[in-house]
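> This is the structure I want to talk about, given as structure tokens.
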Amino acid sequence: MAVDYSLYLVTDSTPAILGDKDLVAVVKAAVEGGATIVQYRDKTSDTAELVRVAKQLHQVTKPAGVPLLINDRVDVALAAGVEGVHIGQDDMDLKTARKLLGPDALIGVTANDREEALEAAVNGADYIGIGTVYATPTKENTKNVIGTAGVQHILDDLYLYDQESVKTVAIGGINASNVQRVMYQCASPDKDLDGVAVVSAIMASEDPKAAAYHLRDLLSRPPPFA
Ligand code: TZP
Ligand code: MG
């Protein structure tokens, strides 16, 4: 399955970001606006609730051909029958997740540095979420803020160690005001970044469809300073 990673939406159900909007309605609007892949990220709901909401989200993403991934929870991904998972360094290890989900599942891994990125690539991650690019109130306990130069170094290394087939997205503090700069500054001469992952730029917007559309439009254009 060819996956488009260009505009990767990570959900957030907290009132600080979602406000009083409906999560499923926001994801539906974002997909209509052009989000190409969605990760359901919810650190507080219990398992039954996660599965229930994941199934609702899948009803929105699946007809649009947009893959739905679950943050952290391989069990929830299996129960809801979605396309995959996104796992961090403290979650289930990649090889176990692959064994449970099978070869066709999409599995992404968070990486803050070259060791984490290379390990994920070598062990068969489909994509790597590289960050944190810029400090962000959305996730306060981020290990490192690595900037666009940090992302570029990781991309350089993936190429150097023959891991250029793994896909990559950058995450952390990315929005319409910096998305073109992020894509331009992160790209290494030998390995491009495949997309950007955003939370608040879409989830906190009063018009998530327009926000996603605007980001896609910016991503489709060459940066003005190139
Ligand atoms: N991982 C690293 S930063 C981050 C996650 C989940 C949050 C990004 O949120 P935002 O609102 O796009 O800065
Ligand atoms: Mg995690």
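Any read-out appearing in this document is the output of simple, stated calculations on the displayed coordinates, not a laboratory observation. Given the structure is predicted, the values throughout are model-derived calculations rather than measurements. No Cβ is skipped: glycine too gets one built from the backbone with ideal geometry, and neighbour counts run over all protein chains shown.
> Between A149, T132, Q180, whose Cα lies farthest towards the positive end of the dipole of region 115-226 when Lys and Arg beta carbons carry +1 and Asp and Glu beta carbons carry -1, centred on the Cα centre?
Farthest along the dipole direction, towards plus: Q180.
> Assuming a ≥ b ≥ c are the square roots of the Cα gyration tensor eigenvalues, decide whether the chain counts as rounded (a/c under 1.5), prolate (otherwise, with a/b larger than b/c) or oblate.
Values: a/c = 1.57, a/b = 1.11, b/c = 1.41.
Oblate.
> How much length is gained on full extension from Y184 to D22, taking 0.36 nm per residue of separation minus their Cα-Cα distance? Mind showing how you got there, number by number?
Values: separation 162, 0.36 × 162 = 58.32 nm, distance 3.37 nm.
Here the answer is 55.0 nm.
> Within a Cβ distance under 13 Å of A120, other residues only, what is the Lys/Arg minus Asp/Glu net charge? Numbers along the way, then the final one.
Numbers: positive: K95, R98, R114, K167; negative: D91, D93, D113, E115, E116, E119, D126, D157.
That sum, taken over residues with Cβ under 13 Å, equals -4.
> Note down the magnitude of the dipole of the chain about its Cα centre, charges +1 on Lys and Arg C-beta and -1 on Asp and Glu C-beta and zero elsewhere, to the nearest 20 debye.
Numbers: 20 positive and 31 negative charges, 93 e Å.
The dipole of the chain has a size of about 440 debye.
> Per 10 Å bin, what is the whole-percent P(r) computed from every C-alpha pair distance within region 79-127?
P(r) for region 79-127, in whole percents per bin: 27, 59, 13, 1.
> Continuing with the same structure: At 222 nm, what value in deg cm²/dmol follows for the chain if DSSP H runs of at least 4 each add -39500 (n - 2.57) and the sum is divided by all its residues, to the nearest 500? Kindly include the intermediate steps, with their values, before the conclusion.
On the way: 10 runs with 93 residues, N = 226.
Estimated from H runs of four or more residues: -12000 deg cm²/dmol.
> Compare the peptides 52-61, 155-164, 193-202 by average per-residue count of other Cβ atoms within 10 angstrom and give them in order, highest first.
With the highest mean Cβ count within 10 Å placed first, the list reads 193-202, 52-61, 155-164.
> Can you work out the PRE-style zone for D192? Point 7 Å along Cα to Cβ, and I want the residues of region 5-47 with backbone N under 12 Å.
Taking a point 7 Å out along Cα→Cβ of D192, the residues of region 5-47 whose backbone N falls under 12 Å are 5-6.
> Here's something else I'd like to know. Mind checking the full-extension length gain between T47 and S177? Use 0.36 nm per residue of separation minus the Cα-Cα distance, one decimal, nm.
Numbers: separation 130, 0.36 × 130 = 46.80 nm, distance 3.63 nm.
Contour length minus Cα-Cα distance gives 43.2 nm.
> Right, here's the next one. Distance between Cα centroids, region 146-165 to region 178-193: provide it in whole Å.
After rounding, the separation between the Cα centres reads 11 Å.
> List residues of region 26-65, by number, whose backbone nitrogen lies under 18 Å from a label position 7 Å along Cα→C-beta of M92.
Counting backbone N atoms under 18 Å from the label point, the list is 39-55.
> So how much slack lies between K62 and E206, counting 0.36 nm per residue of separation and subtracting their Cα-Cα distance, in nm? Write out the running numbers ahead of the final one.
Values: separation 144, 0.36 × 144 = 51.84 nm, distance 2.39 nm.
Net length gain for the segment: 49.5 nm.
> If the reach is capped at under 16 angstrom between alpha carbons, list the aspartates and glutamates near K139, excluding any in the same chain fewer than eight residues apart.
D12, D42, D72, D90
> Any idea how far apart K55 and T14 come out in nm if each label point goes 7 Å out from Cα toward Cβ?
Here the answer is 2.9 nm between the modelled labels.
> For the chain, what is the relative contact order in percent, using Cα pairs closer than 8 Å and at least 6 residues apart in sequence?
Numbers: 450 pairs, mean separation 51.0, N = 226.
Worked out over the chain, it gives 23 percent.
> Would you list, by chain and number, the lysines whose Cα falls below 24 Å from the Cα of K62, excluding same-chain residues fewer than 8 positions away?
K21, K28, K43, K99, K167, K209
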